[in-house]
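Student: Sharing a structure, written as structure tokens. Questions coming.
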Amino acid sequence: MNFLFRRIFLLLICLSYGFGLMAQNQNGDEWNIVSNSYSNYTGISVANGRIGLLPSEEAGKTKAIILNHVFDKESKYGVSKVLLGINFANLEIVIAGDTLKNSNCFNWEQKLDLKTAAFTSTCRFKDYADFSFTTYALRGMPYAGMIDVSLTVLKKDVSIQVGGQIICPAEYRNVESDYRVMRDLDARMPILQTTAYSPFGKHQFATTASFIFEDETPELRHQIKDSLHHELIFTKDLKKAETYQFAWAGAVCTSQDFSDPKSESERMVIFQLLGNKQAVIDRHKELWEKLWQGDIIIEGDLESQQDVRLALYHLYSFARDDSNLSIAPMGLSAQGYNGHIFWDTELWMFPPLLVFNQDIAKSLLNYRFDRLDAAKRKAQNYGFKGAMFPWESDETGEEATPTWALTGTFEHHITADVGIAFWNYFRLTSDKQWLLTIGYPMLKEVANFWVSRSTQNLDGTYSINNVVGPNEFYHHANDNAFTNASAKTALLYANKAAITLGKKLNADWLKVAEFLQFHYFPNGVLKENKEYNGEIIKQADVNLLAYPLDVVSKPEDIKRDLDYYEEKMGADGPAMSHSILSVLYARLGETDKAYELFKRAYMPNKRVPFGALSESAFSNNPYFATGAGGMLQAVIFGFGGLYFTDSGIEQKNPCLPKQWKKLTIKGIGIEKKTFEIE
């Protein structure tokens, strides 16, 4: 497919998805994304960094609960795969023999409230009642969630039957369903529960749920629907025009995090049940209000505001400041890429989180530091020194890439990406104690790896041979531009860290950094690798040397590489590549081109009705948090003109797209600065 055809094709996709989304989101505002249609529905998750609830288009239903960093084997001979939680977040409503579902509802609407991370479904169930279901993944109780329900009866008295359900994934083993009423003095605690083991028996699961009522508790009865599915049911007679409220609260725990997940899930539900319903919702909202102290405000372009806030919402919802866990490419919205951790975190998601929330950023880095010993063992096992991080990482810190994929054996730049993230954290925080105890020990091992991984040539230069770079279409590359440049950058950062702390310098770090080879076409364009000859590439590679690495810094060199590689990027490549081009054009002062690429980076990837990002224009695997990170970088480091420097965050030559009236980026760095561009 030639360059012009691809551009026209992608433009048509942009227009198709864009116009469809605008039509369906016309009732939204800068904080709320609203849909009145479930045609071609792609849901949007509510998550708290530990669990993600993926709501259904059916009101009061949840398709799945995704867990963070709880793994078992994907198959008998496969690698690890992140697991689903036993699903507690489903309600079944029956009135006069009719079951509430979209086919017998009117005025259907769903709204994602970004400010409070609340997902609300509303509908009119025939002529019986108006219903509202608000789903929370509670930020203050990271293993718990809640569906808060309100209904108002319409023209005649009704008797409503409600079933709160627990549904276990079909592949789980030794499934046991139970209902008990526990008592302590006058406290009565009805508990619905399912326990099971993961498909290959690695983990024990326990999910507990119960109703929370505003007034007296109606009579409850237990019903087993099948071996995987049971429910707790109550019936309530309601008068015409009466409003009735209740909640369904649940918790999912596993042996990954608890020695007794069964008892712990019970305690979490009991805590909500006995007088704390509003308290946990209020705490949830308080914590989200604190998160939004770091925010991006776009005036004059509602669609861009919604898209950018949705991206930031996902990064916030997929991470925590107290978990020491990282973010998979699909976050807590799906099991894509087995829930493993890639370079997607350090290169794409980490920079926006670092500028807005240093505590979350530190938690992401702790994930890598906690697995440093595993990375050192991997380096030793392959004959290298220092630390060699896996291309795909799970809870063990060992290589988790499927063995048939050469990325796991040869895509080594991940180790440099980790080191670069560590130094950028120090650049922003100036925390010398952290640098001494965590940052420098990491950078030292990263630098030692690259010295041992490089090979000295006869002319005294150094090469890094037989790798897979970001352009994963090309195997066994020699002197891949990004791999060499990221290694060079990590080596220089390790040297700076040593100087900062007064450590003895390693001369080999600077020697290898100075003499790593890069190769060029006769016209001066930097080659993607030594043997590269103009083939289509998967994603940005050479252009990453200008941003974020700053190895290529002359405007004429940046522009030359941009002109060449923009048309080389595969049409089915991932969302974030054009975000990098957008940053570079913004920094070159070409605002219109930067805005065009900003939109091209994600508009073809949006899925109705909420704008969930898929990985590419041709796939349907949202939510792609890596693409969200790229989009945010285009705004922060492109239009916003922000730079990581050894003096912290600095602003240089911001630019404002003509489609926007004003851009405000607030809560930046440890000083919580605000930058305004107008």
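The values are calculated or read from the model by the stated rules, or taken from the named source; none is laboratory data. Model, not experiment: these values are computed from the prediction. Positions of Cβ are backbone-derived with ideal geometry, glycine not excepted, and every protein chain shown enters the neighbour counts. In case anyone asks, the SASA skips ligands and DNA or RNA and just uses the protein heavy atoms, side chains included. Shrake-Rupley method; radii C 1.70, N 1.55, O 1.52, S 1.80 Å.
Student: Give all pairs with beta carbons closer than 7 Å in which a residue from the range 476-488 that is crowded, with 24+ Cβ neighbours inside 10 Å and assigned to a helix (DSSP H, G or I) meets a residue that is modelled with pLDDT of 95 or more and among the charged types (D, E, K, R); count only pairs at least 6 apart in sequence or on separate chains.
Tutor: Matching pairs, first to second residue: A481/K527; A481/E528; A481/D541; F482/D541; S486/D417.
Student: Quick check on the range 425-432. Is at least one of its residues farther than 21 Å from A328 by Cα and in a loop (DSSP other than H, G, I, E, B)?
Tutor: From the range 425-432, those farther than 21 Å from A328 by Cα are 426-432; that's our starting set.
Next cut, in a loop (DSSP other than H, G, I, E, B) only: 430-431.
Yes, the range 425-432 contains at least one residue that is farther than 21 Å from A328 by Cα and in a loop (DSSP other than H, G, I, E, B).
Student: Do the conditions hold for G386, that is, is it open to solvent by 10 Å² or more (accessible area, probe 1.4 Å) and either of a type in the set (D, E, K, R) or assigned to a loop (DSSP other than H, G, I, E, B) (or both)?
Tutor: The answer is yes for G386.
Student: Right, next: Residue under question is T429, and the condition is that it be in contact (Cβ under 8 Å) with a residue 40 or more places away in the chain and more than 22 Å from D550 (Cβ to Cβ); does it hold? Outline the logic, then answer.
Tutor: Values: in contact (Cβ under 8 Å) with a residue 40 or more places away in the chain: yes; more than 22 Å from D550 (Cβ to Cβ): no.
When the stated conditions are applied, T429 does not pass them.
Student: Here's something else I'd like to know. Given the range 217-313, what strands (runs of 3 or more DSSP E) lie entirely inside it while holding 3 or more residues that are aliphatic (A, V, I, L, M) and at pLDDT 95 or above? Quick ask: steps written out before the conclusion?
Tutor: Details: elements: 220-226, 229-238, 243-254, 295-299.
Result: 229-238, 243-254, 295-299.
Student: Hey, does the range 71-88 have a residue that's in a strand (DSSP E or B), open to solvent by 50 Å² or more (accessible area, probe 1.4 Å), modelled with pLDDT of 95 or more and not charged (D, E, K, R)? Write out each step before concluding.
Tutor: Step one: of the range 71-88, the residues in a strand (DSSP E or B) are 71-73, 80-84, 87-88.
Narrowing further to those that are open to solvent by 50 Å² or more (accessible area, probe 1.4 Å): 73, 81.
Going one step further and asking which of them are modelled with pLDDT of 95 or more, we end up with 73, 81.
If we keep only those that are not charged (D, E, K, R) as well, we get none.
There is no residue in the range 71-88 that is in a strand (DSSP E or B), open to solvent by 50 Å² or more (accessible area, probe 1.4 Å), modelled with pLDDT of 95 or more and not charged (D, E, K, R).
Student: Where in the range 567-657 are there helices (runs of 4 or more DSSP H), lying fully within it, with 1 or more residues that are among the aromatic types (F, W, Y) and closer than 19 Å to L544 by Cβ? Can you show your working first?
Tutor: On the way: elements: 577-587, 591-600, 625-633.
The qualifying helices (runs of 4 or more DSSP H) are 577-587, 591-600.
Student: Picking from D157, D186, which residue would you name as being of a type outside the set (F, W, Y), open to solvent by 20 Å² or more (accessible area, probe 1.4 Å) and modelled with pLDDT of 95 or more? Can you show your working first?
Tutor: On the way: D186 fails: modelled with pLDDT of 95 or more.
The unique qualifying residue is D157.
Student: Another question, then. R124 - would you say it is open to solvent by 50 Å² or more (accessible area, probe 1.4 Å), within 21 Å of N36 (Cα to Cα), touching a strand residue (DSSP E or B) at 6+ places or on another chain (Cβ under 9 Å) and at pLDDT 95 or above?
Tutor: Working: open to solvent by 50 Å² or more (accessible area, probe 1.4 Å): yes; within 21 Å of N36 (Cα to Cα): yes; touching a strand residue (DSSP E or B) at 6+ places or on another chain (Cβ under 9 Å): yes; at pLDDT 95 or above: yes.
In short, yes.
Student: A further question follows. Would you check if there is a residue in the range 477-500 being among the β-branched types (V, I, T), within 20 Å of A540 (Cβ to Cβ) and out of contact with any Gly (no Cβ under 7 Å at 6 or more places or on another chain)? So that I can check it myself, show each step before the final result.
Tutor: First, the residues of the range 477-500 that are among the β-branched types (V, I, T): 483, 489, 499-500.
Okay, now just the ones that are also within 20 Å of A540 (Cβ to Cβ), so 483, 489.
Add one more test, that the residue is out of contact with any Gly (no Cβ under 7 Å at 6 or more places or on another chain), and what stays is 489.
Checked against the condition, which is being among the β-branched types (V, I, T), within 20 Å of A540 (Cβ to Cβ) and out of contact with any Gly (no Cβ under 7 Å at 6 or more places or on another chain), the range 477-500 yields at least one hit.
Student: Next question, about the same structure. Does A513 satisfy being of a type in the set (G, A, S) and within 20 Å of T455 (Cβ to Cβ)?
Tutor: Details: of a type in the set (G, A, S): yes; within 20 Å of T455 (Cβ to Cβ): yes.
It is true that A513 is of a type in the set (G, A, S) and within 20 Å of T455 (Cβ to Cβ).
Student: Scan the range 435-448 and give yes if some residue there is part of a loop (DSSP other than H, G, I, E, B) and either in contact (Cβ under 8 Å) with a residue 60 or more places away in the chain or open to solvent by 40 Å² or more (accessible area, probe 1.4 Å) (or both), otherwise no. Steps first, answer last, please.
Tutor: Our first condition is that a residue be part of a loop (DSSP other than H, G, I, E, B); within the range 435-448, this holds for none.
No, every residue in the range 435-448 fails to be part of a loop (DSSP other than H, G, I, E, B) and either in contact (Cβ under 8 Å) with a residue 60 or more places away in the chain or open to solvent by 40 Å² or more (accessible area, probe 1.4 Å) (or both).
Student: While we're here: I want to confirm something. Restricting to the range 648-661 and keeping residues that are within 15 Å of L428 (Cα to Cα) and of a type outside the set (A, V, I, L, M), which single residue is surrounded by the fewest Cβ atoms within 10 Å (Cβ to Cβ)?
Tutor: So the first thing to find is which residues in the range 648-661 are within 15 Å of L428 (Cα to Cα), and the list is 648-651.
Keeping just the survivors that are of a type outside the set (A, V, I, L, M) gives 648, 650-651.
Values: G648: 16, E650: 11, Q651: 14.
Within the range 648-661, the match that is surrounded by the fewest Cβ atoms within 10 Å (Cβ to Cβ) is E650.
Student: For Y38, which of the numbered conditions (1) closer than 27 Å to E242 by Cα; (2) open to solvent by 10 Å² or more (accessible area, probe 1.4 Å) fails to hold?
Tutor: With respect to (1) closer than 27 Å to E242 by Cα; (2) open to solvent by 10 Å² or more (accessible area, probe 1.4 Å), Y38 is out only on (1).
Student: Follow-up. Residues of the range 334-371 being in a loop (DSSP other than H, G, I, E, B) and either in contact with a Leu (Cβ under 6 Å, 6 or more places away or on another chain) or open to solvent by 10 Å² or more (accessible area, probe 1.4 Å) (or both), which ones?
Tutor: Of the range 334-371, the ones in a loop (DSSP other than H, G, I, E, B) are 334-335, 340, 342, 357, 370-371.
A334, Q335, F342, N357, D370, R371, listed by residue number.
Student: What residue, of T664, T674, T591, T645, is open to solvent by 10 Å² or more (accessible area, probe 1.4 Å), free of Cβ contacts under 8 Å to residues at least 60 places away in the same chain and among the polar types (S, T, N, Q)?
Tutor: Unique residue meeting the criteria: T674.
Student: Starting from residues that are outside any strand (DSSP E or B) and without any contact (Cβ under 8 Å) to a residue 60 or more places away in the chain, keep the ones in the range 89-106 and report whichever is nearest to F246 (Cα to Cα).
Tutor: Checking each candidate, the answer is L100.
Student: Would you confirm whether any residue within the range 392-405 is touching a strand residue (DSSP E or B) at 6+ places or on another chain (Cβ under 8 Å), open to solvent by less than 10 Å² (accessible area, probe 1.4 Å) and touching a residue at least 40 places away in the same chain (Cβ under 8 Å)?
Tutor: Yes: one or more hits.
Student: Which pairs have Cβ atoms under 6 Å, sit 6 or more apart or on different chains, and link a residue in the range 610-630 that is charged (D, E, K, R) to one that is surrounded by fewer than 24 Cβ atoms within 10 Å (Cβ to Cβ)?
Tutor: E615/N621
Student: Where residues in the range 94-121 are closer than 30 Å to I297 by Cα and basic (K, R), which of them is most open to solvent (accessible area, probe 1.4 Å)? Steps first, please.
Tutor: Step one: list which residues in the range 94-121 are closer than 30 Å to I297 by Cα, which gives 108-121.
Remaining after also requiring basic (K, R): 111, 115.
Values: K111: 70, K115: 94 Å².
It comes out as K115.
Student: On to the next question. Answer with yes or no whether A196 is among the small types (G, A, S), assigned to a strand (DSSP E or B) and farther than 30 Å from G78 by Cα.
Tutor: Numbers: among the small types (G, A, S): yes; assigned to a strand (DSSP E or B): yes; farther than 30 Å from G78 by Cα: no.
Considered against the rule, which asks whether it is among the small types (G, A, S), assigned to a strand (DSSP E or B) and farther than 30 Å from G78 by Cα, A196 comes out as no.
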